[in-house]
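To keep things clear, I will list the structure first and then write my remarks on it.
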Amino acid sequence: MSAPDTTPPRSEIPPAAHVPTADDHLRGGARMTAKAAITMVLLTFALLVVADGDGIRHQGERMDDGTEKDVVLAVGRPAGWIADQLPVAPVVDQMLGWLSPDEDLGNDDGTFSASGGTGGGAVSPGAFDPAALGLPAAKPRKLRSLLVTGDSMSQPMDGELARALTPIGVRTKRDPKFGTGISKTDLLDWGAYSGVQARRDEPDATVVLLGANEGFPMTTKAGTVECCDLDWAAEYATRVRAMMATYTRGGAGRVYWLLIPNSNDAARNRIIKVVNTTIKLAAAPYGEQVRVVDIASVFTPGGRFRSAMDVDGRPQVVRDPDGAHLNDVGGRVAADTVREVLAKDFDLGGAA
């Protein structure tokens, strides 16, 4: 006798379990229409223009000549103009400052961390010019590592220095911090951060162009000082001197601190005059180890702003349209000036 058939009728067979796939959400989920997608793209672009139109323009102006630069500038120039009319970018920068990959080195209370450095009060042999002591000049040593830092004014000079020195084996670290200043510590405390840089990079030479965003009240032990009286100047010079000590690394490093060229803004130039004066005073104790590089007289002789000057035997524009920053040509002129000073202390070979 054959075994009874136990197969259930077809209507009673349960369906096979469904294995979810990545495409399931496309079958029943909400879909974005082409119109909605285009609207979202346009809104994103509008927000980018308002928040960082100036950044797009500056990025384009710093690119090498060619089709890509033309395309970026075609968007960046009108975007930058729109951003200039709406004071949104500084607010966005302030709000997003916490996104920096660096450790939090801001100081909301306005104090300055002079203790963050690796320098000291001892006088280094490198502070002396051997000739002034009747000694033979020391043989220039090889430049192995260079740190170029500061605010946005340090660009595009930093790129020009890297381009010239990398082929001869110089490790160049470019470390600009946009919108920062020594007299304001909310975004970045340069007293603490200079110590981070010195320990992290151990540069043979440090080039600093910093001071275009100054004029803020500073907190001292005696209280708050306002720009730009004698008390403010004294505090600013003290902070600069502390950073110089940090970058010298107890005699292991040289510092090249650049003076700031005047802008086309008279109010800003009054602050720049005080800043440049304090830089020169702050550097005095370090002798040859800290050199003040006067690019201010190169770009603005006699303190007079000019957007163009003779470069390579012909008049060329050297400043950005904002009347403050250096453009690509200006960055190259600044880099050439710095290299000439570096060559006094280091063997740069054919890059001098």
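Value of Rg to Rh for the range 119-191, rounded to two decimals, is 1.10; Kirkwood radius and Rg both from alpha-carbon coordinates.
Between Asp129 and Asp231, the contour length at 0.36 nm per residue exceeds the Cα-Cα span by 33.5 nm.
Per residue, the range 235-352 exposes 40 Å² of accessible surface when a 1.4 Å probe is rolled over the protein heavy atoms with every protein chain present. Per-residue accessible area (protein heavy atoms, 1.4 Å probe) orders Asp312, Asp336 as Asp312, Asp336, starting from the largest.
With each label modelled as a point 7 angstrom along the Cα→C-beta vector, the Phe178-Leu42 pair spans 2.7 nm. As a ratio to 2.2 N^0.38 Å, the alpha-carbon radius of gyration for the range 191-341 is 1.09.
Which entries in Lys139/Lys184; Lys142/Lys280; Lys273/Lys344 show an alpha-carbon gap greater than 29 Å? Checking Cα-Cα distances, Lys139/Lys184 exceed 29 Å.
For the range 220-303, the square roots of the Cα gyration tensor eigenvalues, ordered a ≥ b ≥ c, give a/c of at least 1.5 with a/b no greater than b/c, which places it in the oblate category.
Based on the alpha-carbon gyration tensor of the range 112-257 and its eigenvalue square roots a ≥ b ≥ c, which shape applies: rounded if a/c is under 1.5, prolate if not and a/b is larger than b/c, or oblate?
Oblate.
For Lys280, the accessible area of its heavy atoms, probed at 1.4 Å with every protein chain present, is near 110 square angstrom. The range 164-207 and the range 300-352 have Cα centres spaced 20 Å apart.
Rolling a 1.4 angstrom probe over the range 150-284 with all protein chains present gives an accessible area of which 52% lies on carbon and sulfur atoms.
Taking packing as the residue-averaged number of other Cβ atoms within 10 angstrom, the listed peptides 287-297, 161-171 run from highest to lowest as 287-297, 161-171. As I understand it, the dipole of the range 154-280 uses +1 on the Cβ of Lys and Arg and -1 on the Cβ of Asp and Glu, about the Cα centre. Which of Thr238, Pro203, Asn262 lies farthest toward its positive end? Value computed over the given set: Pro203. Taking Cα centre as origin and charging only the Cβ of basic (Lys, Arg, +1) and acidic (Asp, Glu, -1) residues, the dipole magnitude of the range 156-235 rounds to 440 debye.
The values are calculated or read from the model by the stated rules, or taken from the named source; none is laboratory data. Model, not experiment: these values are computed from the prediction. With ideal geometry, Cβ positions are generated from the backbone for all residues, glycine too; neighbour counts draw on all protein chains shown. Note: areas computed on protein heavy atoms with side chains; ligands, DNA, RNA excluded. Shrake-Rupley method; radii C 1.70, N 1.55, O 1.52, S 1.80 Å.
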